[in-house]
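Read the structure below first, then the notes.
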Amino acid sequence: MLIFLSMIETEEEKDKFVQIYESYSHFMWYVANEVLWDKYLAEDAVQEAFLALTRHLDKIEDVKSPKTKKFLMTITKSKAIDIIRKEKGDLIEEFDESFIQEKQDDLLHEYIEKESHEALLGSIAKLDDIYRIVFEYKYLHELSDKEIADLLGVTQKVVNVRIFRARKKLQDILAKEGH
Amino acid sequence: MEVEKRLKEALDEQLTKDLEKIPTEEEIKVRHTFNDSFLTYMQQLIYNERRNKKKKRAIKRTYFLRAAACLVCLVGIGTLMFTAFPFGRSDSTDKSSRMEATSESTRSTESTKESSDTGTNSIASDQMQLGIESQREMEDASKTEYFTLTSLSFDGDYHIDVSVNNQIDTEMTYTPIYEWTYTLNGKTTTTSLDIDVEGSKEVLKSGESITETYNLNDYGIKKGGGVLEIKRMINEQETTLSITIE
């Protein structure tokens with residue numbers, strides 16, 4: 001814990017970190033365990049999440065707010081998914097540039113505008129965690145591609161690819177739901 | 001933007017729903033407690049992260065310092081090369097440098113000359129004395145000895161003191177100097193003064209002497225060098241005093 005705190009520069013941030021640790025460490029473990037179903041791996045995910053958090057404490061304004069809890073949930077889930085991917089050796093991102101097409105974006109926009117809130121909600125729930133996380137980082141927590149890349153431990157290009165894939169997946173789900 | 005807003009709302013709502021399914025912190029604590037190794041491992045993890053970061057920074061800093069050192073060396077070498085071999089300088093610059101050097105040298109020559117001029121005073125004085133001596137030998141001593149140079153000085157202008165000495169037992173007559181002849185580099189300039197020689201005779205008793213001072217500038221003699229001859233009548237005889245100025 002002391003080393004943890006030594007990484008944080010200001011007193012205010014140290015206090016914030018202690019509060020987060022005391023308030024959410026078990027919550028974070030639970031979130032990770034729900035993904036990994038292994039309490040030790042879940043602990044690893046929590047450690048990784050805290051490690052990432054030391055670099056992004058400025059994103060947390062109010063420790064006790066639901067927003068913070070959601071942000072911690074996203075980080076922990078992403079770290080848990082990383083562990084699964086590492087276990088599977090599934091770390092190579094496929095750069096399929098065919099996803100990067102404006103036409104697809106236009107279609108997604110069209111679907112989102114057309115579909116009801118419930119349908120959109122249902123489609124998001126069906127998204128794979130890897131894509132949902134990248135959406136959460138980008139649209140919910142409003143992080144930049146660089147920040148997302150740092151939190152995920154990947155390059156910005158990988159982040160772009162994941163976002164485009166996520167949009168494509170969501171578009172496909174919405175298209176299927178529409179019919 | 002509207003689409004992104006809708007997406008955000010949907011994601012937020014979905015996450016809220018997910019959160020509702022999670023028990024409270026206290027409930028989870030009952031189910032799971034972190035053991036001691038949890039914190040230790042986390043500390044190790046953070047320590048490694050910090051060490052790696054420091055290493056990366058150190059490597060970056062080393063590269064930066066090396067690059068900076070190389071740059072400084074290159075600039076230094078470049079400056080030295082340029083100073084030693086002034087590539088690309090225009091001819092006019094060269095010329096001006098050379099002219100400067102020449103004028104400097106001229107100045108130094110001039111100053112040397114000046115100092116030599118100044119030095120000439122004493123030398124000239126000595127040499128003049130020699131000239132007088134030699135003149136004395138050439139001329140009749142009974143006449144010459146009456147008309148002598150007693151001193152030469154320089155304070156920007158040359159000044160001479162000349163004397164008429166009566167070394168005989170009887171009275172002596174003398175006139176002012178009425179002719180100045182100056183010869184330099186083969187060029188002779190003669191200045192004759194309009195004096196009534198007969199009417200301006202003066203008498204000098206036995207054993208008496210008079211000394212007169214003249215500024216040679218008044219006779220166009222500004223620098224050392226050349227031979228000056230001055231004439232006056234002493235005891236009805238034209239007497240010449242020759243002075244060599246070095």
Looking at segment A:164-179, which of its residues are farther than 17 Å from residue A:82 by Cβ and open to solvent by less than 60 Å² (accessible area, probe 1.4 Å)?
A:164, A:167, A:168, A:170, A:171, A:173, A:174, A:175, A:178
Residue selected from segment B:188-204 under the condition touching a residue at least 24 places away in the same chain (Cβ under 8 Å) and over 11 Å from residue B:235 (Cα atoms), by the criterion most open to solvent (accessible area, probe 1.4 Å):
B:189
Specify the residue that is most open to solvent (accessible area, probe 1.4 Å); the eligible residues are those in segment B:33-83 that are at pLDDT 85 or above and hydroxyl-bearing (Ser, Thr, Tyr).
B:63
Search result, residues across segment B:197-227 that are at pLDDT below 80, among the charged types (D, E, K, R) and within 24 Å of residue B:173 (Cβ to Cβ):
B:198
Condition (residue is more than 9 Å from chain B (Cβ to nearest Cβ), among the basic types (Lys, Arg) and over 17 Å from residue B:16 (Cβ atoms)) applied to segment A:34-45: is it met by at least one residue?
no
Checking the structure you have, find out if any residue of segment A:12-35 is surrounded by 19 or more Cβ atoms within 10 Å (Cβ to Cβ), part of a helix (DSSP H, G or I) and of a type in the set (Lys, Arg).
yes
Test result for residue B:235, open to solvent by 40 Å² or more (accessible area, probe 1.4 Å) and either outside the structural domain of residue B:146 (by TED's automatic domain parsing) or within 15 Å of residue B:146 (Cβ to Cβ) (or both)
yes
Check segment B:221-232 and report whether any residue there is open to solvent by 40 Å² or more (accessible area, probe 1.4 Å) and more than 44 Å from the chain's Cα centre (by Cα).
yes
Report the residue count in segment B:158-187 for those that are surrounded by 13 or more Cβ atoms within 10 Å (Cβ to Cβ) and over 30 Å from residue B:206 (Cβ atoms).
5
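The values are calculated or read from the model by the stated rules, or taken from the named source; none is laboratory data. Not measured: the values here are computed from a predicted model. We place every Cβ from the backbone using ideal geometry, glycine too, and count neighbours over all the protein chains shown. What goes into the accessible areas is simple: the full protein's heavy atoms, side chains included, and nothing from ligands, DNA or RNA. Shrake-Rupley method; radii C 1.70, N 1.55, O 1.52, S 1.80 Å.
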